[in-house]
Amino acid sequence: MRILVIGAGMYVTGRGNTGVGTVLSSLAESSKWMDIVEVVVIAKNQSNSEVVEGAINRINETLKTNLHVRFRRIEGDPEKDIPEILSQELLDCAIVSVPDHLHYAYAKELLRKKIHCLVVKPLTTSLHEAKELVELQQTNGVYAAVEFHKRFDATNLYIKKALIEGLLGKLLYFTVDYSQRITIPEFVFREWSSKTNIFQYLGVHYVDLIYFLTSFIPLRVIAVGINGVLRQKSIQTYDSIHTIIFWKNPIDKNDTFISQFSTNWIDPICTSALSDQKYKVIGTKGRIECDQKNRGLEVVIENKGIQAVNPYFSEYMPDANGTLQFTGYGHKSISLFIDDVARIQRGITTPESLEGGIRPTFREALVSTAVVDAINRSLLNNSSWEEVDDFR
């Protein structure tokens, strides 16, 4: 299998000490049991060549793998980049890990060329773009998914099981608190953080999760954006965004609940984790509180301070023989996509069979994209109530 990776940022390479490099680490781990001939990483800046080389050398040494990764510089124009790459490379699928506002253009060109693709969240920044991608995906009969890895977190799956069993009674509300260090918009995403906002970039994870957990449909939203320190640093985006979303049962229109989100990306650098995230589910018969930062593992290291470690997301862990392997629900999200593509190519499954909540497909992502679209309209219209447009 030959795989195209678009982008060479922190989620791909772990650059800037932001992590292990989930995408390349996942592909390296997958290469232990799958015939991955080559990975081609493309990015606009030639300086990324050294970053990619350093990352894959580190990853191969850590995992005792021999994944071959090659870097190619592109111009940054999807309509030219993708046709040129595909005319010169024989590729089976692609992983898109670029800034939010570029998702649509790259995914569209991949789907036009009938390339299976996985896109990091959010799918697109507007609902009409997402709908166009779904139509294109169906027309060309390819598989397309969004990298919503929270669907594979065991704690979330436990909560889904509790809701299926009706343990909480009638759902009343969700509360979500999700934040990241200010280093993300100020330094890591400096070039494009003004082109997105914290709800669109990060909060969308929990919109998809609530839909996945409940199957309820979002109806209307209201959002308030708070300005402050980022604009003082010439970054034209909100410090925090606070929202209310109304949801309804698609079977019983009288069965509704609300979700309340508080999202920010101005946490201090000294916070114990890159992301601080927790949520609560409240029903008439019970409640569940889920702290997704404090997983019970606190590490104190000289010159690094206190770290709240989440070993269940993406981490190198020893197997029974003491050999390091890459594990976690972040890895599972990516490796499962690669496996699904292989199964489709062998005729074992089809893109259609992965719909209906089986995978976070583009069609599934219409829900979260519709909410992002409505939230952005609310922010533009002085925190007005906005109906969530029909995404079906």
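The values are calculated or read from the model by the stated rules, or taken from the named source; none is laboratory data. Quantities reported herein were computed from a predicted structural model and do not represent experimental measurements. Methodologically, a virtual Cβ is constructed for each residue, glycine included, from the backbone with ideal geometry; neighbour enumeration extends over all protein chains shown.
Within the stretch 374-392, the only residue that satisfies the criterion of being in a strand (DSSP E or B) and surrounded by 20 or more Cβ atoms within 10 Å (Cβ to Cβ) is E386.
Please determine, by comparing only the residues of the stretch 46-76 that are surrounded by 13 or more Cβ atoms within 10 Å (Cβ to Cβ) and of a type in the set (S, T, N, Q), which one is nearest to Y104 (Cα to Cα). Going through the qualifying residues, I end up with N48. If you check I226 against the conditions, is it of a type in the set (A, V, I, L, M) and crowded, with 17+ Cβ neighbours inside 10 Å? For I226, the condition - of a type in the set (A, V, I, L, M) and crowded, with 17+ Cβ neighbours inside 10 Å - is not met. Candidates in the stretch 132-186 are the residues that are of a type in the set (S, T, N, Q) and touching a residue at least 12 places away in the same chain (Cβ under 8 Å); of these, the one that is nearest to I217 (Cα to Cα) is T175.
Name the single residue that is surrounded by the fewest Cβ atoms within 10 Å (Cβ to Cβ) among those in the stretch 299-311 being in contact with a strand residue (DSSP E or B) (Cβ under 8 Å, 6 or more places away or on another chain) and closer than 26 Å to F148 by Cα. Within the stretch 299-311, the match that is surrounded by the fewest Cβ atoms within 10 Å (Cβ to Cβ) is P311.
Residues checked against (1) in a loop (DSSP other than H, G, I, E, B); (2) farther than 30 Å from L133 by Cβ:
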{"position": "C290", "(1), (2)": "no, yes"}
{"position": "K293", "(1), (2)": "yes, yes"}
{"position": "V300", "(1), (2)": "no, yes"}
{"position": "A320", "(1), (2)": "yes, yes"}
{"position": "D339", "(1), (2)": "no, no"}
{"position": "T350", "(1), (2)": "yes, no"}
{"position": "R359", "(1), (2)": "yes, no"}
{"position": "V372", "(1), (2)": "no, no"}
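In the stretch 327-340, is there at least one residue being of a type in the set (A, V, I, L, M) and either in contact with a strand residue (DSSP E or B) (Cβ under 6 Å, 6 or more places away or on another chain) or outside the structural domain of P122 (by TED's automatic domain parsing) (or both)? No, there is no match, as no residue in the stretch 327-340 is of a type in the set (A, V, I, L, M) and either in contact with a strand residue (DSSP E or B) (Cβ under 6 Å, 6 or more places away or on another chain) or outside the structural domain of P122 (by TED's automatic domain parsing) (or both).
Sort out which residues of the stretch 312-325 are of a type outside the set (G, A, S) and within 18 Å of the chain's Cα centre (by Cα), and write them in order of number. Correct list: Y312, F313, E315. It is to be established whether one or more residues within the stretch 36-45 are buried (at least 17 other Cβ atoms within 10 Å of the Cβ), at pLDDT 95 or above, within 21 Å of N310 (Cα to Cα) and of a type in the set (A, V, I, L, M, F, W, C). No, the stretch 36-45 contains no residue that is buried (at least 17 other Cβ atoms within 10 Å of the Cβ), at pLDDT 95 or above, within 21 Å of N310 (Cα to Cα) and of a type in the set (A, V, I, L, M, F, W, C).
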